[in-house]
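Asker: Starting off with a structure, shown below.
The values are calculated or read from the model by the stated rules, or taken from the named source; none is laboratory data. From a predicted model like this one, the values you see are computed outputs, not experimental measurements. Neighbour counts are summed over all protein chains in view; Cβ atoms, including those assigned to glycine, are modelled from backbone coordinates with ideal geometry. Just the protein is used for accessible areas: all its heavy atoms, side chains included, with ligands, DNA and RNA removed. Shrake-Rupley method; radii C 1.70, N 1.55, O 1.52, S 1.80 Å.
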Amino acid sequence: MSPVQIELAENHAYATSSTGCYVSYTAGKYINTREGGYEGFSRNITGGVDFIFSETLMFGAGLGYEYSELEFDNALDGSTTKNGWRLDAYGASKPSDLFSIEGLVSYSWLDNSISAASETGDFTSNRFYGFGKVNGHFDVEPYQISPYVSFDYLTETTDSYTTNFGTAIGSVRTEAIATAGGIRVSTNDSLILGLSSFATYEFKYHWTGTEAATLNSGDVVDPSDCSSTFAFGLSGPMNDVFGVDWLDGATLDLSVQAVNPLARERSYSATGGLRWRF
């Protein structure tokens, strides 16, 4: 999981202007065809500002709103929705031309609604998320090659609540950790509308701190799991594009990604972001 604001910071943190702002939007689709699986979607919009303090150091903050919905199959006969606000703080540093470091911490306040069989309930939850990444930078004309390693940590605590049938549900804390390695290849050559292209492959190992479960079909759902992510995107300045004055000087980032695209549990997402630097 690489937040778009961190990707934008990596690409543009070292411009000569000291202040910038950005807005990004992500839409996701989730599919799980296992027994007791689900299908769902998510939407996430984020905006923020950042500041360059030196030639090698940048910090910023953002505010986001997220909404997600999952529909479970007949084995569970239920659905969940989650929505709420999120605060981000992030930074990037490039101590040398050969590598850079970036990180993000965020805190979310979420409203949840769940429907399972004939019972329904509403409750709140709070989520903390941390992300760190180290990137290498190598020029092999006409490409820029960036291998990287990253680490994710997430914990979410749900408040206790009572369903419409009077069932008391206690507070629950969940935890997830992931580490990943990947490579990003980009080029400065224009592909379309003056935008250059990039492609990324990432391999990630996940751990959720819960026990493995065997379903009636014999499928084993192991919380310690691996995933592969493929992404492709376009990035570049929006100068004299579409004849829209307010886009001049902005940087556009577009990407699509697929996680385990051939697996029974998979997801897809698309992200668009605009950044201005003053």
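Asker: Taking 7 Å along the Cα-to-C-beta vector as the label spot, tell me the Thr120-Tyr107 distance in nanometres, rounded to one decimal.
Answerer: It is 3.2 nm.
Asker: Let me ask you something else. Applying 1/(1 + (r/R0)^6) with R0 = 22 Å to the Cβ-Cβ distance of Thr81 and Asp225, what FRET efficiency is obtained, to the nearest 0.05?
Answerer: It comes to 0.35.
Asker: With a point put 7 Å past each Cα toward its Cβ, work out how far Ile177 is from Ala61 in nm, to one decimal.
Answerer: 3.0
Asker: Going by the alpha-carbon gyration tensor, a ≥ b ≥ c the square roots of its eigenvalues, is segment 66-179 rounded (a/c under 1.5) or, if a/c is not under 1.5, prolate (a/b greater than b/c) versus oblate?
Answerer: prolate
Asker: Per-residue HN-Hα couplings for segment 166-173, Karplus 6.51 cos²θ - 1.76 cosθ + 1.60 at θ = phi - 60°, whole Hz, x for Gly and Pro?
Answerer: x, 6, 8, 10, x, 5, 10, 10
Asker: While we're on this one: Lysines within cross-link reach of Lys29: Cα-Cα under 18 Å, excluding same-chain residues under 8 positions apart?
Answerer: Here the lysines satisfying the reach criterion relative to Lys29 are Lys82.
Asker: Considering only protein heavy atoms and a probe of 1.4 Å, how much of the accessible area of segment 76-214 is carbon and sulfur, as a whole percent?
Answerer: It is 62 percent, rounded to a whole number.
Asker: If a paramagnetic tag sat 7 Å from the Cα of Phe203 along the Cα-Cβ line, which residues of segment 145-174 would have the backbone N under 14 Å from that point?
Answerer: Answer for segment 145-174: 148-150.
Asker: In Å and on Cα atoms, what radius of gyration and Dmax does segment 129-190 show?
Answerer: Reported Rg and Dmax, both Å: 21.3, 66.
Asker: Determine the order of Asp152, Asp97 by accessible area, beginning with the largest, at a probe radius of 1.4 Å.
Answerer: Correct descending sequence by accessible area is Asp97, Asp152.
Asker: Would you tally the net charge around Thr174, using a Cβ to Cβ cut-off of less than 12 Å, leaving Thr174 out, and scoring K and R as +1, D and E as -1?
Answerer: 0
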